[in-house]
Structures are given as structure tokens and as C-alpha cells.
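Engineer: Just dropping this structure here.
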Amino acid sequence: AALHAMPETVVHWVEHLASLTGAPGHLPRFESPWPAAATVPYVGGFMLVVAARFLPRTLKGLPVLETGAALLSAASLALVFAAGVSPLSLLFAAIMGFISLAVIVYSAGYMRGHGHASRYWLFLLLMQGSLTGLCLARDLGSLYGFWELMTLSSAVLVIHDQTGKALRAGFKYF
């Protein structure tokens, strides 16, 4: 509770105690900037929702939402390979990217003509960004943040149909 009420005082006190024990006099970093491969689906998902409000459903014969989601997913996957992380992180991020791209391509047919499609695409991209961020996290704070964002975005996907059955499943899930 003291950390929430007066965080600077508590952090200063902990750093002082750490320096008395011979440990370095500073706390470790708990959060770093988001990797681009995780940021692209987030920013792009919100841009896609805005575009869906002002653009027609199809543009030159291509469905706007589905095409935009697939392009954003592919861009995120490409950025995974430029992330400069350990081979294991790269492997898992690439797996998440390929699976996310496959889900988006499959969902294009499933979501055609479905109500609230822009919300579905937004939260599917948010989940891809969260899963990619989990794999590319460089510190505990980012890992925790991406985990919570993944939980929230996937819970919204579970209740997307807004039926009684979907809402009960979402309640159990969350």
C-alpha cells in the first residue's frame, strides 16, 4: 500500500537498503520499449477500426478489414525476424506470427458479413501483438504487461458472439 501512496519514497528507501548490503544502489529496469513486431498490430488494429468507419466494405474488389488485418499480421511477422533477440525468442515469436497469420486468413471467410467485424479484427490483432510481445519481452515488466493484454484481448474474442453461451464461456475464461 505504501508503494502506491508514495512510490518515490519507497523506491528511495529500497535503493538505500540495497546499497547498505553492498548491492548496487539502483533497482533493475522492469519495462523496456515495445518491440516493433508487437507495436504494429496494436497501432494498425486501431487504424483499421477507424478506416472501417470511413471506407467502403470493399475497395477495388478487396475486403478492407480482412486485407488490412492480413497485411498488418504479415508486417508483424516480418518484423519478428528483425527483432534482434535470442534464437529461442525468435523461434517462439515466429511460431506465434505464423499461427496468427493463418488464423487471420482463415477468419476472413468466417467473419464475412458478421456483425461487429471491426471489433473482432481489432482484438485479434491486439492478441497477436500481445503474443508476439510475450515472446520478445526483455524484462519482467513487459512480460507481465503483455500477458495481461493477451488475457484481456482473448477474453473479448471469446465473448465476441454475445450469445448467452459465449458470455458464460467468457466469464469462466476471465
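Engineer: Give me a count of the residues in the stretch 126-143 that are buried (at least 17 other Cβ atoms within 10 Å of the Cβ) and over 17 Å from Phe92 (Cβ atoms).
Structural biologist: 1
Engineer: Given (1) modelled with pLDDT under 90; (2) more than 21 Å from Gly115 (Cβ to Cβ), where does Leu101 come up short, assuming only one miss?
Structural biologist: With respect to (1) modelled with pLDDT under 90; (2) more than 21 Å from Gly115 (Cβ to Cβ), Leu101 is out only on (1).
Engineer: Considering Phe146, Phe171, which residue is of a type in the set (A, V, I, L, M, F, W, C) and surrounded by fewer than 19 Cβ atoms within 10 Å (Cβ to Cβ)? Please lay out each step first, then the result.
Structural biologist: Numbers: Phe146 fails: surrounded by fewer than 19 Cβ atoms within 10 Å (Cβ to Cβ).
Only one candidate qualifies: Phe171.
Engineer: Would you say Ser100 is part of a helix (DSSP H, G or I) and touching a residue at least 60 places away in the same chain (Cβ under 8 Å)?
Structural biologist: Judged against the criteria, Ser100 is not a match.
Engineer: Among what's in the stretch 62-95 and is open to solvent by less than 70 Å² (accessible area, probe 1.4 Å), in contact (Cβ under 8 Å) with a residue 24 or more places away in the chain and outside any helix (DSSP H, G or I), pick the residue that is farthest from Ser107 (Cα to Cα).
Structural biologist: If we take residues in the stretch 62-95 being open to solvent by less than 70 Å² (accessible area, probe 1.4 Å), in contact (Cβ under 8 Å) with a residue 24 or more places away in the chain and outside any helix (DSSP H, G or I), then Val85 is farthest from Ser107 (Cα to Cα).
Engineer: Give me the pairs, please: first residue somewhere in the stretch 129-142 and in a loop (DSSP other than H, G, I, E, B), second residue anywhere and open to solvent by 20 Å² or more (accessible area, probe 1.4 Å) and of a type in the set (A, V, I, L, M, F, W, C), beta-carbon distance under 7 Å, and either six or more positions apart or on two chains.
Structural biologist: Pairs found: Ala137/Leu143; Asp139/Phe30.
Engineer: Now for a different question. So Phe123 clears everything in (1) of a type outside the set (A, V, I, L, M); (2) modelled with pLDDT under 90; (3) open to solvent by 30 Å² or more (accessible area, probe 1.4 Å) except one condition, right? Which one?
Structural biologist: Looking at each condition in turn, Phe123 falls short on (2).
Engineer: Go through the stretch 103-119 and count every residue that is in contact (Cβ under 8 Å) with a residue 12 or more places away in the chain, open to solvent by 30 Å² or more (accessible area, probe 1.4 Å), part of a helix (DSSP H, G or I) and more than 18 Å from Ser76 (Cα to Cα). Give the derivation first.
Structural biologist: Here is the first cut: in the stretch 103-119, the ones in contact (Cβ under 8 Å) with a residue 12 or more places away in the chain are 103-105, 107-108, 111-112, 116-119.
Restricting the remaining residues to those that are open to solvent by 30 Å² or more (accessible area, probe 1.4 Å) gives 103, 105, 112, 116, 118-119.
Still in the running and part of a helix (DSSP H, G or I): 103, 105, 118-119.
Checking which are more than 18 Å from Ser76 (Cα to Cα) leaves us with 118-119.
Residues meeting the conditions: 2.
The rows are residues; the columns are (1) touching a Ser or Thr at 6+ places or on another chain (Cβ under 7 Å); (2) more than 19 Å from Ile104 (Cβ to Cβ); (3) at pLDDT 75 or above.
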site	(1), (2), (3)
Val11	no, yes, no
Pro24	no, yes, no
Pro28	no, yes, no
Ser32	yes, yes, no
Thr39	no, no, yes
Gly45	no, no, yes
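The values are calculated or read from the model by the stated rules, or taken from the named source; none is laboratory data. Since we're looking at a predicted model, the values are computed, not measured. Using ideal geometry, Cβ is built from the backbone for each residue, glycine included, and neighbour counts are taken over all protein chains shown. Areas reflect the complete protein model, heavy atoms only, side chains present, ligands, DNA and RNA absent. Shrake-Rupley method; radii C 1.70, N 1.55, O 1.52, S 1.80 Å.
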